Amino acid sequence: MGHKRILGKTTDFITGHEITDTDDERLRQRIARFLVEEKGYAKEDIEVKRRLELKIDDKTVLSMVDFVIKIKGQSFMVIRYGPGSLVTRERPALASARLLEQYEIPLTVVTNGEDAEVLDTAKGEMIGTGLDSIPDKKALERLCITTPQPLSAKRLDTEKRILSAYDWLEHSLECDDDWCAPE
């Protein structure tokens with residue numbers, strides 16, 4: 001696993017569950033509060049640390065989406081957190097938004113906790129920058145009125161391979177993060 005400071009345990013703002021406290025987790029918790037307190041989402045609208053298992057050839061690759069925002073039970077926005085440069089996080093975040101459901105989730109957000117990019121998932125194009133560009137609940141409800149479309153089998157396979165190249169943690173390895181513990 002990577003090198004990170006374990007600071008003990010903390011309580012997840014959205015779920016109320018006890019989780020491992022790290023520097024990255026503190027930023028995720030700040031993003032969760034921002035989504036609820038400033039963007040108007042209910043905690044019930046936000047799914048945290050959504051696990052995605054990819055079967056590619058004879059390997060299982062685990063990936064995680066930090067936040068999935070749902071409107072009336074349907075996923076409309078994914079948010080992936082990662083420290084550092086946002087541009088290097090765009091492609092795996094887009095692949096996540098294309099693989100997480102049986103359809104392409106319309107909006108993808110990459111953030112390092114201090115800055116953000118909002119991407120149109122279908123086009124892969126940036127449509128906003130900065131944390132303030134993340135749509136609030138009312139704006140997301142207006143933006144996402146169409147029914148998302150499924151991807152072809154070929155496109156799904158391509159997206160799996162792209163995401164696995166970025167998120168290469170194999171299922172058989174020991175994992176010290178809460179999100180990859182067996183469900």
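Both radii are taken from the alpha-carbon atoms of the stretch 1-106; with Rh as the Kirkwood radius, Rg/Rh is 0.97.
Note on THR15 and GLU53: their simple-model spin labels are 1.6 nm apart, each label 7 Å out from Cα toward Cβ. With R₀ fixed at 45 Å, the C-beta to C-beta distance from ARG5 to ALA139 puts the FRET efficiency at about 0.80.
Between THR147 and ARG30, the contour length at 0.36 nm per residue exceeds the alpha carbon distance by 39.0 nm.
Calculate the translational D of the stretch 45-173 in whole µm² s⁻¹ from Stokes-Einstein, where the hydrodynamic radius comes from the Kirkwood formula applied to all Cα pairs, the temperature is 20 °C and the viscosity 1.002 mPa s.
Answer from the Stokes-Einstein relation: 145 µm²/s.
Comparing LEU163, LEU143, LEU27, which has the greatest mean-square fluctuation in the GNM of the chain with Cα pairs linked when under 10 Å apart? Sorting by GNM fluctuation, first place goes to LEU143. Bridgeable aspartates and glutamates around LYS70 (alpha carbons under 14 Å apart, same-chain partners fewer than 8 residues away excluded): GLU44, ASP45, GLU47, GLU101, GLU104, ASP136, GLU141.
Pairs LYS59/LYS154; LYS9/LYS43; LYS9/LYS137; LYS49/LYS138: which exceed 27 Å Cα-Cα? In this structure, LYS9/LYS137 lie more than 27 Å apart at Cα.
Report the Cα centroid-to-centroid distance between the stretch 33-77 and the stretch 81-149 in angstrom, as an integer. Cα centroid of the stretch 33-77 versus Cα centroid of the stretch 81-149: 11 Å apart. In plain terms, the residue of ASP45, ASP21 with the fewest other Cβ atoms within 10 Å comes first and the most crowded comes last, giving ASP21, ASP45. Panel order for PHE34, PHE67, by other beta carbons found within 10 Å of each beta carbon, from fewest to most: PHE34, PHE67. Exposure proxy ranking for VAL118, VAL65, based on other Cβ atoms within 10 angstrom of each Cβ and starting from the fewest, stands as VAL118, VAL65.
FYI, it's all coordinate maths here, none of it is from the lab. The shown structure was predicted, so the numbers you read here are calculated from the model rather than taken from an experiment. Every residue, glycine among them, receives a Cβ derived from its backbone with ideal geometry; neighbour counts consider all protein chains shown.
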